[in-house]
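Undergrad: Take this structure, written in structure tokens, and hold onto it; I'll ask about it next.
The values are calculated or read from the model by the stated rules, or taken from the named source; none is laboratory data. Since the model is a prediction, treat every value here as computed from it, not as a measurement. Here the Cβ is made from the backbone with ideal geometry for all residues, glycine too, and neighbour counts use every protein chain on show. Only protein heavy atoms, including side chains, enter the accessible area calculation; ligands, DNA and RNA are left aside. Shrake-Rupley method; radii C 1.70, N 1.55, O 1.52, S 1.80 Å.
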Amino acid sequence: MPMKNRRTLILILTTAVLCLSSPYTMAEGGIKGWFKGLFGRNTETTETAHPDLAALTVDENLEIPEIPKKRHEQVLDIQRQESQRLKGIPAYKVENLRYNEVIRITIPAAKLFAPNDTTLAPTADDILRPLLQCLRTPDYYHMLLVMHSDDTGNAAYNYSLTTQRVLDIFDWFERNGAATDFLIPYAAGSHEPLVPNNSTENRYRNRRLEVYLIPGEAMFK
């Protein structure tokens, strides 16, 4: 399957599962337990068994992988240092989730795209470039790209807009040498506003890219 068609299929799947997902919650013993079971089946598959991250919801990806206890403090230290580095970038709002194991970076869409445009603005290169080093080593991070819109226009338009935008961001990482096997794009449309879409300022806040940095197996090693 051509690369572009593969990415389009990923977006179709991830958009669908995102719509079925409640915001960042998961039933006890769900995909987290399944992931842990995969890595405990036998010694032959310990290094290669992986769930299909692109087929999981944002919520499910945020629950995995479970950090080994003996590596937990080291991983937290890596994440603290990475958070500090990213906080030095003016375009980024940086937060920590999952007891500081996961980093979320929020970037206003207006800093990446012109209004209603789906091609990255020239200035987007400088904004995205600090994230490249997170994808130099395969499976060091699972990086989720979640593109949001405000509710201007109908739902179909907003999903199309966020789909095309997040694919262009994915393409940017690929063109710039990132290891994209663990880069998962999601189109959220106007599904998850931060604030009510009742003012110009609020709509600006809702139009955003959220980037999640989740520790991967290579980090544990």
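Undergrad: Among residues belonging to the range 129-154 that are in a strand (DSSP E or B) and either open to solvent by 30 Å² or more (accessible area, probe 1.4 Å) or not aliphatic (A, V, I, L, M) (or both), point out the one that is farthest from Phe220 (Cα to Cα).
TA: His148
Undergrad: Please note which helices (runs of 4 or more DSSP H) are completely contained in the range 1-104 and include at least 3 residues that are modelled with pLDDT under 90 and surrounded by 17 or more Cβ atoms within 10 Å (Cβ to Cβ).
TA: 3-19, 31-38
Undergrad: Another question, then. Just to be sure I understand the filter: pairs with C-beta atoms under 7 Å, separated by 6 or more residues or on different chains, first member in the range 160-182 and more than 14 Å from Asn116 (Cα to Cα), second member among the charged types (D, E, K, R) and assigned to a helix (DSSP H, G or I). Which pairs pass?
TA: Between residues of the range 160-182 that are more than 14 Å from Asn116 (Cα to Cα) and residues that are among the charged types (D, E, K, R) and assigned to a helix (DSSP H, G or I), the close pairs are Leu167/Arg7; Phe170/Arg7; Thr180/Glu174.
Undergrad: Let me ask something additional. May I ask you to list the residues in the range 184-201 that are free of Cβ contacts under 8 Å to residues at least 24 places away in the same chain and either of a type in the set (Ser, Thr, Tyr) or open to solvent by less than 80 Å² (accessible area, probe 1.4 Å) (or both)?
TA: Within the range 184-201, Val195, Ser199, Thr200 meet the criteria.
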